Amino acid sequence: DSVTYTNNITNVSSSNFANMVIIDRLPGVNDRGVVNWQDQRESEFSVAYLGNLRLTVEDSDQNSTSVDSSKYTIQFSNIGANEAYTEDDFDGEMDESRWHNNWQNGDTSFRIIMTNGFALKPGETLVIRYDGKISDDANPGQIAWNSFGYRYSAGANSTYLRAEPPKVGVMIQ
């Protein structure tokens, strides 16, 4: 009744990625993308955040190092599938009407704010792993789609960029 998600962000540029804010909208019926909000994901059941968050950085030789918890903050939200994430959400602004520090019943997403000078160097991959709880209404053959998006700056560029990798599905056997 649980699944482990792995989200990867690989820096293929020649500059460090800094000021990263990662938002993951967990699967839910009638859900949408994170950055590409108009993208209908069409999940057929929900998955809730179960915990066990693990962040690691892999170098180009696949050597893995854990990211110390002092380098990031995790927050949760019940922002619905019919609502887009705002600029403030991606800036890591703490709006208590939208974000809080502990997973609560009804929450649909979480964000990770990389802090204290964290930078993803060229050739490195930030690996985000966490466990999710499949809803009781999931039936055989149904699929739930997970997607995440992130905001970052690259090198001396003060302009923030956003990316949303392709969605990933979990199917009930």
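The values are calculated or read from the model by the stated rules, or taken from the named source; none is laboratory data. In this text the structure is predicted, and so the values were computed from the model without any measurement. In this analysis, Cβ positions are derived from the backbone assuming ideal geometry, glycine residues included, and neighbour counts consider all displayed protein chains. Keep in mind that these areas ignore ligands, DNA and RNA; they rest on the heavy atoms of the full protein, side chains included. Shrake-Rupley method; radii C 1.70, N 1.55, O 1.52, S 1.80 Å.
Explain nothing, just the number: relative contact order of the chain, from Cα pairs under 8 Å at least 6 residues apart, as a whole percent.
Once divided by the residue count of the chain, the mean separation gives 40 percent.
Listed by chain and number, the aspartates and glutamates whose C-alpha is less than 12 Å from the C-alpha of Lys133, apart from same-chain residues fewer than 8 away, are Asp1.
Checking [x] 9, 30, 35, 17, 7, 2, 0; [y] 10, 39, 36, 14, 1; [z] 8, 24, 19, 15, 12, 8, 6, 4, 3, 1, 0 against the coordinates, the calculated P(r) over Cα pairs in 10 Å bins from 0, in percent falls under label [y]. Counting 0.36 nm for each residue step from Asp68 to Val3 and taking away their Cα separation leaves a gain of 21.0 nm.
With the simple spin-label model, which puts each label point 7 Å out from Cα in the Cβ direction, the Asp88 to Gln40 separation comes to 3.1 nm. Residue separation of Leu161 and Asn101 scaled by 0.36 nm, minus their Cα-Cα distance, works out to 19.1 nm of gained length. What's the carbon and sulfur percent of segment 67-136's accessible surface, probe 1.4 angstrom, rounded to a whole number? Result for segment 67-136: 40 percent of the exposed heavy-atom area is carbon or sulfur. Taking only the alpha carbons of segment 1-54, we obtain Rg and Dmax values of 14.1, 41 Å in that order.
Pairs of Cα atoms nearer than 8 Å and 6+ residues apart set the relative contact order; for segment 27-117 it is 30 percent. Basic side chains Lys and Arg get +1 at the Cβ, acidic Asp and Glu get -1 at the Cβ, and with that the dipole of segment 1-52 about its Cα centre reaches some 200 debye.
Counting only protein heavy atoms and a 1.4 Å probe, the chain has 50 square angstrom of accessible area per residue. Candidate cross-link partners of Lys71 among the lysines, defined by an alpha-carbon separation under 24 Å and a same-chain spacing of 8 or more, comprise Lys121.
Suppose we look only past 16 Å in the calculated P(r) of segment 126-165. What percent of the Cα-Cα pairs does that tail hold? The share of Cα pairs beyond 16 Å in segment 126-165 comes to 59 percent.
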